[in-house]
Amino acid sequence: MLGYAVVRGGLGLLAVRRVCLHARYAHSAPRSEVRPIKKVMVANRGEIAIRVFRACTELGIRTVAVYSEQDTGQMHRQKADEAYLIGKGLPPVAAYLHIPDIIKVAKDNNVDAIHPGYGFLSERSDFAQACADAGVMFIGPTPETVRKMGDKVEARALAISAGVPVVPGTNSPISRLQEAQAFAQTYGFPIIFKAAYGGGGRGMRVVREYEELEENYLRAYSEALTAFGNGALFVEKFIEKPRHIEVQILGDKYGNVVHLYERDCSIQRRHQKVVEIAPAFQLDPHLRDRLHTDAVNLAKQVGYENAGTVEFLVDKHGKHYFIEVNSRLQVEHTVTEEITDVDLVHAQLHVCEGRSLPDLGLKQEKIRVNGCAIQCRVTTEDPARGFQPDTGRIEVFRSGEGMGIRLDSASAFQGAIISPHYDSLLVKVIASGKDLQTAASKMSRALAEFRVRGVKVGRAMTCVFLLLFASGALQSRFSTHLC
C-alpha cells in the first residue's frame with residue numbers, strides 16, 4: 001500500500017506523486033527491528049508542532065500536544081488529539097524545558113515516541129537520554145550523537161577525522177582572555193567568538209581590532225552563559241562575506257545515509273537566517289559534489305540516524321569549511337521538501353520505527369531536484385524599532401496565496417494573541433517554481449498580498465530583496481539590515 005499526496009511540481013502544476021514512498025506497514029527491514037509508532041507527542045509549540053501533527057495524521061498516528069500556562073489558547077493545542085499542561089507555575093520558556101513533566105505526560109498517556117521539533121529541547125542529549133530511559137522513542141539521533149554534535153569542539157574534531165575541512169580555530173574552549181589574544185596574534189584579525197554549547201547567533205561576536213577584543217570576549221561570555229548556562233567559548237578565524245550552505249542528510253539504523261541536496265541560507269540578520277533557498281544558486285558543480293560528499297562522510301563517521309543538517313561556509317575563493325551539525329529538523333526543511341517531493345517528517349517517523357532508507361525508496365540515485373524553492377520568515381517585528389519583537393492581538397490578517405505558495409504557521413489568523421514570551425515567527429512563506437527567478441517572483445507577489453494589522457511585521461525589505469534578487473542585481477551575503 002503506497003502513501004500518496006498532492007504536491008506541486010517544479011512548474012507549479014499539480015501532480016499526484018508518491019511521498020515518503022511507502023505506507024507505514026510496507027517494509028522489508030527485519031520485523032524484529034521495526035516498532036510501529038501509534039502515538040506521538042511533540043515536545044514543542046507553534047508551527048513546528050502543527051507541522052508534525054499533520055504528518056502523523058496522514059500516517060494514522062495519534063497525536064499529543066503539551067502546552068504552558070501561557071499557551072492555553074494557542075493553536076497547536078487544538079490541532080492535536082490530546083493536549084496536556086506542563087510546567088505549572090514555571091516561566092513560559094521553562095515550561096517547555098521541564099523534562100520531568102514531559103516524560104511523565106508521555107508515560108501516563110502511553111506515548112510511543114516524542115518529536116522535539118526545533119529549539120527548546122531538540123538538541124539536548126539529556127532529553128534524548130531521558131526518553132530512552134523511559135522507554136519512549138526519541139524522533140532524532142541517538143543521545144550520544146546529539147551530545148557529540150552539540151559539543152562544537154568535539155564536532156570539529158570529528159569533522160577533521162572524517163577529512164572535512166574546518167575553519168582555523170581553537171581545539172578546545174578558551175577560559176581566559178589571554179588565549180584569545182594569542183590566537184589573534186597567530187592568525188590575525190578578524191576573529192569570531194562562538195558559544196561552545198549553543199547556537200542561534202547567541203554568544204557570537206566578531207572582533208576586527210585588538211582594542212575591541214576584551215569587550216567582545218566579555219559580552220560573548222555573558223551571552224553564552226545566559227542563553228546556555230555555560231559561558232565556554234571558542235575562537236575561529238572570521239571568514240569575510242561567506243556563503244552559508246547547508247546540506248540536508250538522512251540516516252537510518254542500518255548505516256545508510258543519503259543527502260537531499262543543499263540550501264543557501266546566506267541572507268541573515270544578526271546571525272539569524274531570514275531567507276532560505278534550495279537548491280543553492282550559482283554553485284560550482286564540483287563544489288556542490290564536495291559539500292554533499294563531506295556531509296555524508298561526516299554523518300557516516302558518527303553513525304548518524306534520522307534527519308540532520310551539516311552546515312558549511314564557502315569563501316570568495318570557493319573553499320568550503322565545516323561549521324556545525326544541527327541534529328534536528330530545521331526551520332527551513334520546507335524548501336528541501338518542495339524540491340525533492342520527500343516529506344521529511346514522514347521519513348523521520350519511519351526511520352524512528354526502524355525502517356531502512358532503501359525500504360522507503362530513499363536511495364541516493366532516486367532523489368532528484370525538481371525546480372527551486374524559497375522560504376521567507378514573516379515575523380512580528382517592528383522595522384522602525386530596529387526589528388524589536390512586537391506583541392498584541394492580530395486585528396486583521398490576510399495572507400498571500402496562489403499556485404506554488406505554501407504557508408506553515410500557528411498564530412497567523414485574526415484574533416490571535418502574539419505573546420512576548422516566545423519566538424517572533426508568524427508564518428513561513430514558501431514559494432516554488434521551475435527556477436529561481438520564477439520562485440522569487442511568486443514570493444514577491446505573495447508577500448505583497450499580506451495584510452496584517454494589530455502587530456508590526458517584518459516583510460517589506462524581503463519584498464525589495466526578492467525583486468532585486470530575481471533580476472540578478474543582488475548577490476548573496478550576510479546582511480545586517482535585510483528583511
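What follows draws every value from the coordinates through simple rules; no lab data is involved. None of the values given here were measured: they were computed from a predicted structure. Here Cβ is always computed from backbone atoms with ideal geometry, including for glycine, and neighbour counts include all displayed protein chains.
Order these by the 10 Å Cβ neighbour count, fewest first: 88, 79.
The fewest-first ordering by Cβ neighbours comes to 88, 79.
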### Task
Please say if the range 35-139 is rounded, prolate or oblate, where rounded means a/c under 1.5 for a ≥ b ≥ c the square roots of the C-alpha gyration tensor eigenvalues, and otherwise the choice is prolate for a/b larger than b/c and oblate otherwise?
oblate
### Message
Just to be sure I understand: of the beta bridges DSSP finds with both ends in the chain, what percent are antiparallel, rounded to 5?
### Response
80
### Query
For the range 374-443, what relative contact order do you get, as a whole percent, if you take Cα pairs closer than 8 Å and at least 6 residues apart?
40
### Summary
In whole angstrom, the spacing between the Cα centers of the range 318-369 and the range 233-292 equals 13
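Taking 0.36 nm per residue of sequence separation and subtracting the Cα-Cα distance, how much length would be gained by fully extending the chain between residue 186 and residue 289, in nm to one decimal?
Stretched out fully, the residue 186 to residue 289 stretch lengthens by 33.8 nm.
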### Query
Which of 274, 224, 250 sits farthest toward the positive end of the charge dipole of the range 215-338, with +1 on the Cβ of Lys and Arg and -1 on the Cβ of Asp and Glu?
224
### Query
Of 50, 99, 84, whose Cα points farthest to the positive end of the dipole of the range 35-139 (charges on the beta-carbon: +1 Lys, Arg; -1 Asp, Glu; origin at the Cα centre)?
50
#### Entry: J(HN,Hα) series, the range 323-338, from Karplus relation 6.51 cos²θ - 1.76 cosθ + 1.60, nearest Hz, glycine and proline x
9, 6, 10, 9, 8, 6, 6, 8, 3, 8, 4, 4, 5, 5, 4, 5
### Protection proxy ranking, peptides 53-60, 325-332, average beta carbon neighbours within 10 Å, highest first
325-332, 53-60
### Summary
By the C-alpha gyration tensor axes a ≥ b ≥ c (rounded if a/c is under 1.5, else prolate when a/b exceeds b/c, else oblate), the shape of the chain is rounded
### Task
Arrange the peptides 388-397, 61-70, 253-262 so that the one whose residues have, on average, the most other Cβ atoms within 10 Å appears first.
61-70, 253-262, 388-397
### Query
Where the only charges are on Cβ atoms (+1 Lys, Arg; -1 Asp, Glu), what is the dipole of the chain about its Cα centre, to the nearest 20 debye?
900
### Query
So, with +1 on the Cβ of K and R and -1 on the Cβ of D and E, and no other charges, what is the size of the charge dipole of the range 243-470 about its Cα centre, to the nearest 20 debye?
600
## Note on the structure
With a ≥ b ≥ c from the Cα gyration tensor eigenvalues, square-rooted, and the rule rounded for a/c under 1.5, otherwise prolate when a/b > b/c and oblate otherwise, the range 168-237 is prolate
### Message
Whole-Hz ³J(HN,Hα) for each residue in the range 375-384, computed from phi via Karplus 6.51 cos²θ - 1.76 cosθ + 1.60 with θ = phi - 60°, x for glycine and proline: what do you get?
### Response
10, 10, 9, 8, 10, 8, 10, 9, x, 5
### Message
Around residue 190, under 14 Å between beta carbons, what's the net of Lys plus Arg minus Asp minus Glu among the other residues?
### Response
-1
### Task
Quick one: dipole size for the range 35-139, taken about the Cα centre, charges +1 on Lys/Arg Cβ and -1 on Asp/Glu Cβ, in debye to the nearest 20.
220
#### Entry: Residue-by-residue Karplus 3J(HN,Hα) for the range 170-182, coefficients 6.51, -1.76, 1.60, Hz, glycine and proline x
6, 7, 8, x, 8, 10, 9, 4, 4, 5, 5, 4, 5
